[in-house]
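Written out below as C-alpha cells is the structure these notes cover.
No lab work stands behind these numbers, since they all come straight from the coordinates. Given the structure is predicted, the values throughout are model-derived calculations rather than measurements. A quick note on method: Cβ atoms are made from the backbone with ideal geometry, for glycine too, and the neighbour counts reach across all protein chains shown.
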Amino acid sequence: LVGRFTISKGEVIERKYVSRILNDAGGEIYAYSQNFDDYTLNGLVKFNSDSPEELTRIKIVEDEATAGAFGGDAYYVMCTYQYFYPGGLYTVDLETGELTLVASYIQDYNVRLAVDMSYDYTTETMYMIYPSDNDSYLTAFGSVDLKTGQQTFINHEMDRYVRAIAVDKEGILYGIDEYGMLITIDKITGECTELYDLGIRPFYRQSMCDCF
C-alpha cells in the first residue's frame with residue numbers, strides 16, 4: 001500500500017492512499033524489492049506513485065537492503081551479509097543501481113541492522129531505527145555517521161515497536177508504530193508522542209519518505 005499523509009504543525013490534515021501522491025502525473029519513488037522465494041528479484045526498483053503496481057527493475061542485488069534514504073549528497077542503503085547479518089553501509093547510483101561501500105559491518109558485532117532510516121537536513125544527521133537487543137517487540141533508536149558508518153545509539157529501548165520513520169524539512173522526526181499510530185520522536189531522547197491513529201496496521205518492513 002502506498003499512501004500520503006500531509007502534516008501541518010503536528011496534525012494530519014490530509015490522508016490519501018495510492019493515487020496522485022505528488023502531482024497529477026504522479027511521482028517517481030525508488031525502493032528495494034524483497035522476495036524470499038527468489039532472491040534474484042531482490043534489488044533496486046522504481047515505480048510511479050500513480051501506478052505502484054508497475055515496477056521497473058534497475059539492478060539485482062544478491063544481499064537484501066533493510067533500509068535506505070537520501071542523505072544530502074547521495075542515496076544510502078544498509079545491506080545484509082548472507083541475508084541475516086549486517087553487511088555494510090553503501091551509497092547507490094539510482095541510474096544504474098551500482099553500490100559503493102562506505103563501511104563494512106561484517107563481523108562487527110556492535111552494529112545493528114536498520115529497519116528504516118531518514119535524513120535530517122537541519123542537523124545533517126541520518127537517523128535509524130533497529131530491533132531492540134533487550135526486547136524483540138520494541139525498537140531502538142540512533143544515528144549513523146555517513147562518512148565512517150559508525151552507529152550511535154540514542155535510545156536502546158523505545159516504548160513501542162516503530163515500523164518506519166521520516167524527518168520533515170523543519171527537522172521534526174515522525175514515525176509509525178506497529179498499530180498504525182503516527183508519532184513524533186524526540187531526536188535527543190528517542191521518546192515518542194502519539195499524534196494520530198492512521199487506521200492501518202503496517203506489517204513486516206516498511207518505510208516512510210518525505211517530499212519537500
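For Ala74 and Asp38, what is the calculated FRET efficiency with R₀ set at 22 Å and r taken between the beta-carbons, to the nearest 0.05? Please list the in-between numbers first.
Details: r = 29 Å, r/R0 = 1.31.
After rounding, the FRET efficiency stands at 0.15.
Quick one: if the Förster radius is 35 Å, what FRET efficiency do Thr152 and Leu101 give, using the C-beta to C-beta distance and rounding to 0.05?
Numbers: r = 20 Å, r/R0 = 0.58.
According to the calculation, E is roughly 0.95.
Placing one identical point scatterer on every Cα of region 114-172 and ignoring solvent, what is log10 I(q)/I(0) from the Debye formula at q = 0.20, 0.23, 0.26, 0.31 Å⁻¹? Relative scattering, expressed as log10 I(q)/I(0), comes to -0.71, -0.90, -1.06, -1.25. Note on region 33-187: Rg/Rh from C-alpha atoms, Kirkwood Rh, equals 0.95. Under the Kirkwood approximation applied to all pairs of distinct alpha-carbon atoms, what is the hydrodynamic radius of region 46-118 in Å? Result for region 46-118, one decimal place: 13.1 Å.
When peptides 74-81, 121-128 are ranked by their average number of other Cβ atoms within 10 Å per residue, the highest-first order is 74-81, 121-128.
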